[in-house]
Ligand code: HEC
Ligand code: HEC
């Protein structure tokens, strides 16, 4: 039953039986690989999609000009630092959080956005298209300024997202297997002290004791989980459950699912209780901002809360890191009233 559904989900269009069988095997091998890494198998109802790789692109029967555009999008996604000082003001690449070049399940693979948008987004309270979703990660995760809508680079980046979704139907009815950073169940108690200990033991070797990561010759080797060179307070990963899911599924690098749920949450609690650049939606008052965006966002973060270890009010500052402005002017609301 599951195999049949997976084949249907994968093929998306007309498939000869023999191809369907081959696809079936390929999907099963893919799932076997993931379960061997500790990830859950898909349930019967879920859509499993294996995004194409850059090697597949070379073989693909599409116009050479389109290949160039997709290659450029891939290049921007994995080396976003080339936009530093213009669109990116921290040490991140898109691929710093979206592992496997944006293809890895349980690491917020990016292709689902291409088949579920335009759609309503609670975070900004209006209908977003793919470009605006990408702009969101520039604004918050890259502490930056989105690429201009319709620009060459925005076209390239969105083409890369869309191409990864090759073969998936628009607005699929099935839930998508491995979408986002699914969080383990939240334990009853979270420990900052334990989180700090675990971070120093398991993470500091790459990300540094003080969370600055490592940068060599203008190239990010290990990104910064907090501080001026990290994502700002408005980024999805400052929500504890998102950070816990990211950590459990992806870190330490190369050892997914090696931490217990409690450990992943404690580290997330510690990491997300450190300072970082101001939320671009800042009104000038941290309490007011936390309240205004509480229901749609900050109820899951430590922003505007007092850190117990030293009594610090988190997010109470005007620091925008390396970014010479607070809010990019592209961030606006829409209404069709
Ligand atoms: C600091 C970590 C981080 C960085 C860097 C980052 N993102 Fe994201 N991204 C996230 C998080 C968190 C989500 C939300 C996942 C969820 O909903 O669970 C997300 C979601 C997305 C989605 C939507 C995926 C879906 O399932 O609909 C897209 C598309 C996306 N990011 C693109 C990008 C692009 C393009 C860049 C670089 C310009 C980027 N991201 C950089 C953390 C990051
Ligand atoms: C062996 C080195 C290594 C170890 C150990 C490691 N990471 Fe990472 N981490 C990376 C790399 C590299 C990336 C970026 C992924 C990429 O560029 O492919 C990353 C990305 C991240 C990110 C997203 C980007 C950012 O900086 O916010 C977070 C958060 C993170 N790691 C947290 C942790 C935590 C927590 C631990 C410990 C449980 C940990 N890492 C252990 C290498 C490591």
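Quick note: the coordinates plus some simple rules give every number you see, no bench work behind them. Everything numeric here is computed off the predicted structure, so don't read it as measured data. Positions of Cβ are backbone-derived with ideal geometry, glycine not excepted, and every protein chain shown enters the neighbour counts.
A few comments on the model shown:
- Flag for residue 106 being surrounded by 20 or more Cβ atoms within 10 Å (Cβ to Cβ), in contact (Cβ under 8 Å) with a residue 12 or more places away in the chain, outside any helix (DSSP H, G or I) and within 16 Å of ligand 2 (Cβ to nearest atom): yes
- Scan the range 74-95 for residues that are touching a residue at least 40 places away in the same chain (Cβ under 8 Å), in contact with a strand residue (DSSP E or B) (Cβ under 9 Å, 6 or more places away or on another chain) and more than 10 Å from ligand 1 (Cβ to nearest atom) and the total you get is 1.
- Failed criterion for residue 248 (all others in (1) within 16 Å of ligand 1 (Cβ to nearest atom); (2) more than 22 Å from residue 137 (Cβ to Cβ); (3) outside any loop (DSSP other than H, G, I, E, B) hold): (2)
- Screening residue 308 with (1) touching a residue at least 60 places away in the same chain (Cβ under 8 Å); (2) closer than 19 Å to residue 194 by Cβ; (3) under 23 Å from the mean Cα position of the chain (by Cα); (4) surrounded by fewer than 21 Cβ atoms within 10 Å (Cβ to Cβ) gives one miss only, at (3).
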